[in-house]
Amino acid sequence: PARHVPDGDALARDGQAWVLELFIHDVRSGALVRNAVLNDADPLSLADQASVRILGAANISLGGPRRDVETTSLEAYQHFMRALEHGRSGRLAAHVRDIDASIALDSGFIPALRTKIAMAVGGNDTATVRRLRLVMQRYAARATEFDRMEQQVWDATYGGENERSEALARELVRRFPRDPRGYELLQGILSGHG
């Protein structure tokens, strides 16, 4: 029997995109297992993204390729999510380990690559930044609209265009007001600029 049940509490339109607030609960206890804010212009892609999260919460492997999903590797996605948790908690060795594992499982997983690039920038590892940017260019077709906008923010930041990077980050928040990643990015950019 299934142990987890999804609960799509809110499905709404945001401009051209559909936004789904997804909550996955343990059936027995009712406890929240995972939540996510997903967005996509294509409702079928949105459903695919939700499926990846639901299967991840249930530890079920995907059986084949999906279109417009950040990664078709459930294990890569799980490593990525753990890496984010480790990073927020200050467990840097675990953060690095899980990001590396995520990329090893799916070398074109754009959010994982971007996270690894940010780590390399912080460590002044320009060779890794250059190498991973080439990888990201190779897999650019897999980038979501959020990914593309986020990349513009980072390109402006790394190019020393402070005002432009702030404006782009604000536009990302306006475009995806229900996605906490945009707020985290804007906060990081503003903090970095003092």
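The values are calculated or read from the model by the stated rules, or taken from the named source; none is laboratory data. Model, not experiment: these values are computed from the prediction. Don't worry about glycine lacking a Cβ; one is built from the backbone with ideal geometry, like all the others, and counts go over all protein chains shown. When the accessible area is computed, the model is the full protein with side chains, heavy atoms only, and any ligands, DNA or RNA have been set aside. Shrake-Rupley method; radii C 1.70, N 1.55, O 1.52, S 1.80 Å.
Ranking Met81, Met136 by solvent-accessible area of protein heavy atoms (1.4 Å probe, all protein chains present), from largest to smallest, gives Met81, Met136.
Projecting the Cα atoms of Val121, Ala36, Val19 onto the dipole axis of the chain, where Lys and Arg carry +1 and Asp and Glu carry -1 at the beta carbon, places Val121 farthest toward the positive end.
The residues of the chain have, on average, 53 Å² of accessible surface per residue, using a 1.4 Å probe with all protein chains present. His86 contributes about 30 Å² of solvent-accessible surface, heavy atoms of the protein only, 1.4 Å probe.
Could you give the longest part of the chain that holds none of the trypsin sites (Lys or Arg not before Pro) found in DSSP loops with at most 11 neighbouring Cβ atoms within 10 Å?
Values: sites that count: Arg28, Arg67.
Between exposed loop sites, the widest span is 68-194.
If I compute P(r) over Cα pairs in 10 Å bins from 0, in percent from the structure I just sent, which labelled value in (1) 9, 35, 36, 12, 5, 3, 0; (2) 9, 32, 40, 16, 3, 0; (3) 8, 24, 20, 13, 11, 11, 8, 5, 1, 0 lines up? The listed entry that was calculated here is (2). Counting only protein heavy atoms and a probe of 1.4 Å, the accessible surface of the chain is 53% carbon and sulfur.
Charges at C-beta only: +1 for Lys and Arg, -1 for Asp and Glu. How large is the resulting dipole of the chain about its Cα centre, in Debye rounded to 20?
Numbers: 25 positive and 26 negative charges, 80 e Å.
For this selection, approximately 380 debye.
The sum of -39500 (n - 2.57) across all DSSP H runs of n ≥ 4, divided by the residue count of the chain, sets its helix-only mean residue ellipticity at 222 nm to -19000 deg cm²/dmol.
Among rounded, prolate and oblate, which fits the range 67-126 when a ≥ b ≥ c are the square roots of the eigenvalues of its C-alpha gyration tensor, a/c under 1.5 means rounded, and a/b larger than b/c means prolate? Verdict is oblate for the range 67-126. Dipole orientation for the chain: of the candidates Tyr158, Ser51, Ala104, Ala104 has the Cα lying most toward the positive pole (charges on Cβ; Lys, Arg +1; Asp, Glu -1). Length available on full extension from Gln16 to Glu184: 0.36 nm per residue minus the Cα-Cα distance, which gives 58.2 nm. Applying 0.36 nm per residue to the separation of Ala93 and Ala41 and subtracting their alpha-carbon distance, the gain on full extension is 15.1 nm.
According to the square roots a ≥ b ≥ c of the eigenvalues of the Cα gyration tensor, what is the shape class of the range 144-194, taking rounded for a/c under 1.5, prolate for a/b larger than b/c otherwise, and oblate for the remainder? Each step should come with its number before you reach the end.
Details: a/c = 2.07, a/b = 1.36, b/c = 1.52.
Note, shape of the range 144-194 comes out oblate.
For the chain, the longest principal axis of the alpha carbon atoms and the long axis of helix 110-122 meet at an angle near 40°. Length gained on full extension, Ala127 to Ser107, computed as 0.36 nm times the residue gap minus the Cα-Cα distance: 5.5 nm. Provide the FRET efficiency to the nearest 0.05 for the Met81-Glu145 pair, computing r from the beta carbons and using R0 = 25 Å. In this case the efficiency is close to 0.75.
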